[in-house]
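The values are calculated or read from the model by the stated rules, or taken from the named source; none is laboratory data. What you are looking at is a predicted structure, and each value in this text was computed from that prediction instead of being measured. Here the Cβ positions follow ideal geometry from the backbone for every residue, glycine too, while neighbour counts run over all protein chains shown. Side chains included, ligands, DNA and RNA excluded: accessible areas come from the protein's heavy atoms. Shrake-Rupley method; radii C 1.70, N 1.55, O 1.52, S 1.80 Å.
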Amino acid sequence: MNVILKYHFRFIVKNRETTYSSAQRSLIVMQILLRVKFDQTDKVGIRRLLNDYTYSACFPLHEGRWDKNEPNGTILDRRLLYLEWARPGAWHKKQPLSLVRKYFGDKIALYFCWLGFYTKMLYAPAIVGTLCFLYGLCTMDGEDNIPSKEICDPYGPGNITLCPMCDKACRYQKLIDSCKFARLTYLFDNPATVFFAIFMSLWATLFLELWRRKQSMIQWEWDLQGIEEDEEPRPEFETSVKTFRTNPVTREKEPYLPAWSKSLRFVITGSAVFFMLLTVCCAVMGTIIYRLSLVSVIYGGGGFFLKKHAKIFTSISAALLNLIIIMILTKFYHRLAIYLTNLENPRTQTEYEDSYTFKIFLFEFLNFYSSLIYIAFFKGRFFDYPGDTVKASTEFHRVKADVCDPAGCLSELCIQLAIIMIGKQVFNNIMELFNPKFYNWWRWRLHRSNTKDLSRQDTRWEEDYHLQDPGRLALFDEYLEMILQYGFVTLFVAAFPLAPLCALLNNIAEIRLDAYKMVTQARRPLAERIEDIGAWYGILRAITYAAVVSNAFVIAYTSEFIPRMVYKYKYSKSQNLVGYIDASLSVFNTVDYNEGMGADLEDMESPPETCQYRGYRNGPNETDPYGLSPQYWHVFAARLAFVVIFEHIVFALTGIMQYVIPDVPSELKTQMQREALLAKEAKYEHGLRKNDDYDDVLTSMRDNNNASRNERAI
């Protein structure tokens, strides 16, 4: 950009209206405003004037109205974008990316290109995930679902008495009370789940590799290669840094932040981020304690309906509470992250956005996924057996008492994931649609109340000034929303195969909603040029690798797939799942309860002689009472073997895919090599011309020297 401003006289501009697009012209103007001095001191830039409220806003203007044509019938780009892209009726049309790039610039066009590509890639997992769900629905009464049938059989295993979930407040229950959870679990925990988990791991790798190919094509077509290498320092960095050094490449003086100052700033910001992560962990612990306390309250004094549906009610209410806490913490932390990033004072805008991105994502990852990680991998792992005196004497007694339903933890993980994912999407879409409308209406109302001549028509800048300001990080929230969704789709997809379908439906609406907001409800954002999607690609790759490990552990440790297979092929005489439920429960003698333990015996003459609980432990009359049984170690070994085999197979297949799919298409590589050759030839010819000019200069100097010598000789 500086080259254009400095050497503009070397370009032949035949038509001022078409040589540069409107986005390019606004970018050139903004670069001038960012660096122009406004007094006799070193103070420069329009942003400094905005910060001290000399000016209230600085933004490029929209081209005409979006809701109607010009008086002469001309359709400007803004109106055309609404008709072909932003209106809800255009949801099935292909995005006009060239027009988006012309009007909004490369950065926004690249975001919509990525979002459209991601949405198209979701069609395959949405179809496969729906088929897996339908398989579970159609085989609900088949041989693979014998455990659910046994749980729901009131004259069989369903009549088993379960140990109370909490001491002195909860009561003994029958296994049939978990019938709904068992049937719900099978919809997502069936033989098709393993196939779908492998499929999603391969799909995620394919998505990243194909996007990298797509991005290389976009970079070449839009001339985005090498943008970051030529990026200028941020004006805020140039004006705030008081130390300078000589650039080793350009040999020019430039502002420089010393290493000790960077280290000190990172320590301060890192400590603040770590404190917020601890806050999230405390919020998760609070949700766990709420769930356990609510169970005690319901069983202690709730009505018949609440007692009958206590597990479902507790899971749903805890998930909703967690969602509310997530939204509140998100609003606060976004403001804190901007302050911390400004404190770090990165040199370029790309470094600024990358630093802000990593802070926000690290927090949001823990904020949104911590409860899911707890349910999937930790809930019920600390519980030993009902009469455990060691458990009752520890500080984490409540957490250790948080156990899964006899039908497993997968149903609760599914409910938590569905509520957080779908609730977040619905909330964000409602806010994106109605918040700008209300904001713009309120500003327009205030403007009209302060206007004396109501008949005067507003100018273009006045109309745009009343629109919502997108801010300097206009696309950050959009990227973050999609990246978090990608995590929901890949990390725990084994627990909720319908997640890709929910994501697909949301994204079809999201594209048009974002387009509608930018075209009609927001000021025109500043056009920017970027080389790629930035730090988001590295985050996507990290999530993809983590998804392989996560799904392997979800299938092995959260679902009942491995224990069922061990029972079927090791312990079952008929090689089926008949008797699996009884084999997965351990027996506890109620006389082994210590004082202060046991169930609420109200309305009961005497406690049952024995009760059963989830786990693989010896009975009370065996050699090692309540110790780990041989079946536990068989299941443990099978789970560990499955994780290792699953990861090696999936990582091997993904590695093959990465090797087979090149980053740059062969046609584009050939074209780039051809351009490099032509550039070398042009440079060589230019060098020859410079050498010819140099020879002419030397000849002229020699002639002048000879002439002066002759004059002296005369």
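What is the diffusion coefficient of region 174-255 in µm²/s, taking the Kirkwood radius over Cα pairs and the Stokes-Einstein relation at 10 °C with a viscosity of 1.306 mPa s? Rounded, D is 83 µm²/s. Using alpha carbons only, how many degrees (0 to 90, rounded to 10) separate the axis of helix 179-188 from the longest principal axis of the chain? Roughly 40 degrees between the two axes. A crude spin-label estimate for the pair TYR684 and GLN658, with each label 7 Å from Cα along the Cβ direction, gives 3.8 nm. Given R0 = 45 Å, the distance between the Cβ atoms of PHE266 and THR451 translates into a calculated FRET efficiency of 0.35. One equal scatterer on each Cα of region 51-96, no solvent, Debye formula: the resulting log10 I(q)/I(0) at q = 0.25, 0.28, 0.32 Å⁻¹ is -0.88, -0.99, -1.12. Volume per residue of the convex hull around the Cα atoms, evaluated for the chain, comes out as 257 Å³. Using the alpha-carbon atoms, what tilt in degrees (0 to 90, nearest 10) does helix 22-35 show relative to the longest principal axis of the chain? Once rounded, one gets 80 degrees.
Helix 476-491 and the long axis of the chain differ in direction by around 40°, with both axes built from C-alpha atoms. In region 395-537 the Cα-Cα distances spread across 10 Å bins starting at 0 as 9, 28, 25, 18, 12, 6, 2, 0 percent of all pairs. Placing a label point 7 Å from the Cα of GLU462 along the Cα-to-Cβ direction, the residues of region 63-91 whose backbone N falls under 17 Å from that point are 64-65.
Remark: relative contact order (the chain) = 22 percent; criterion is Cα-Cα distance under 8 angstrom and separation of 6 or more residues.
The Cβ shell under 12 Å around PRO157 holds other residues with a net charge of -1, Lys and Arg each +1, Asp and Glu each -1.
Counting Lys and Arg as +1 and Asp and Glu as -1 over every other residue whose Cβ lies under 14 Å from the Cβ of LEU677, the net charge comes to +1. Here is the tail figure for region 130-211: Cα pairs spaced more than 18 Å apart come to 57 percent of all pairs.
Each other residue within a Cβ distance under 14 Å of ILE324 adds +1 if Lys or Arg and -1 if Asp or Glu, for a net charge of +2.
Amide H contacts of THR610 (H built 1.01 Å from N, in plane; Pro and chain starts excluded): THR590 sit under 5 Å, all sequence-distant by 5 or more or on other chains. For the pair ASN72 and ALA542, a Förster radius of 41 Å applied to the C-beta separation gives a FRET efficiency near 0.15, rounded to the nearest 0.05.
Across every direction, the projection of the convex hull enclosing the Cα atoms of region 481-617 has a mean area of 17.0 nm². Would you please give the FRET efficiency between PHE438 and ARG35, computed as 1/(1 + (r/R0)^6) with r the Cβ-Cβ distance and R0 = 51 Å, to the nearest 0.05? Computed FRET efficiency for PHE438 and ARG35 comes out at 0.90. Distances between placed amide hydrogens fall under 5 Å for GLN173 paired with LEU162, all partners being 5 or more residues away or on another chain. Send over a whole-number figure in Å² for the accessible area per residue of the chain, probe 1.4 Å. I get 52 Å² per residue for this part.
Accessible area of the chain with a 1.4 Å probe: how many percent of it is carbon plus sulfur?
Roughly 61 percent, rounded to a whole number.
With the Kirkwood sum run over all distinct C-alpha pairs, region 593-685 has a hydrodynamic radius of 20.9 Å.
Beyond a 29 Å Cα-Cα separation, which of these cross-linked pairs lie in this structure: LYS379/LYS570; LYS107/LYS452; LYS37/LYS680? Violating the 29 Å Cα-Cα cut-off are LYS107/LYS452; LYS37/LYS680. Extension gain, ASP52 to LYS93: 0.36 nm times the residue separation minus the Cα-Cα distance gives 10.3 nm. In this structure, the residue pairs whose Cα-Cα separation is over 29 Å, taken from LYS93/LYS424; LYS424/LYS568; LYS424/LYS517; LYS93/LYS214, are LYS424/LYS568. Cysteine residues of the chain whose Cβ has no partner cysteine Cβ closer than 4.7 Å: CYS58, CYS113, CYS132, CYS138, CYS281, CYS282, CYS414, CYS502. Computed about its Cα centre, the charge dipole of the chain is approximately 1820 debye, with only Lys, Arg, Asp and Glu carrying charge at their Cβ. Its Cα gyration tensor gives region 80-124 an equivalent ellipsoid; the semi-axes, largest first and in whole Å, are 18, 15, 6.
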